[in-house]
């Protein structure tokens, strides 16, 4: 089955800095890679996703890049703000209808 | 429109008791997932329903766990003879074809087994 590794587990940045979270996957059949943001005590929410037919996707301050050859994808957040503080989960799917999630990255943005 | 809802939001139960957790997916969403999230951990897949197909139960941790989905809508996750290690947040998510992976999560049920 699919295996998703996510790093780092914790990321601390100053407001205005960029943050990068990386995930690797094992199943070459995976073709869908979403990212979820979970604020403390709240539900995970989809913030951006990418499919295997593109290498990069942007939405304002967030972007995701995908390298299918190396089987890794990354979330990039620019100009971080305190409200970006949350746990971010990556996931991979496509080999089945059940996505496999990474263990999460706790992002802390210091004002 | 209305999002995914779950009830109860919190449940405290004694070890050995049975509990039922409910999920109301977004209307029209054919896919429904249950996950378990322990404190500080990721999302552990439990069970997947798609339309009228047989559910994928491959993530259920033991035979004490079961789930039903009636009429292709509401789902109930049942845990029998609860154990302390069952304490976690149970999340439900739904999605619609063809973007089957755009999952919309409910607020979760926090289960505490004493």
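The values are calculated or read from the model by the stated rules, or taken from the named source; none is laboratory data. Everything quoted here is computed from the prediction, not taken from an experiment. Neighbour counts run over all protein chains shown; Cβ positions are idealised from the backbone, glycine included.
Points to keep in mind about this one:
- Failed item, numbered, when residue A:28 is tested on (1) more than 26 Å from residue B:108 (Cβ to Cβ); (2) part of a strand (DSSP E or B); (3) at pLDDT below 95: (2)
- Residues being part of a strand (DSSP E or B) and farther than 17 Å from residue B:104 by Cα are entirely absent from region A:92-104.
Residues checked against (1) facing chain A (nearest Cβ under 10 Å); (2) surrounded by 18 or more Cβ atoms within 10 Å (Cβ to Cβ):
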residue	(1), (2)
B:68	no, no
B:71	no, no
B:77	no, yes
B:94	no, yes
B:103	yes, yes
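- Every residue from region B:34-87 that is under 11 Å from the mean Cα position of the chain (by Cα) and outside any strand (DSSP E or B): B:60, B:74
- Identity of the residue in region B:16-52, exposed (fewer than 12 other Cβ atoms within 10 Å of the Cβ) and more than 10 Å from chain A (Cβ to nearest Cβ), that ends up farthest from residue A:90 (Cα to Cα): B:16
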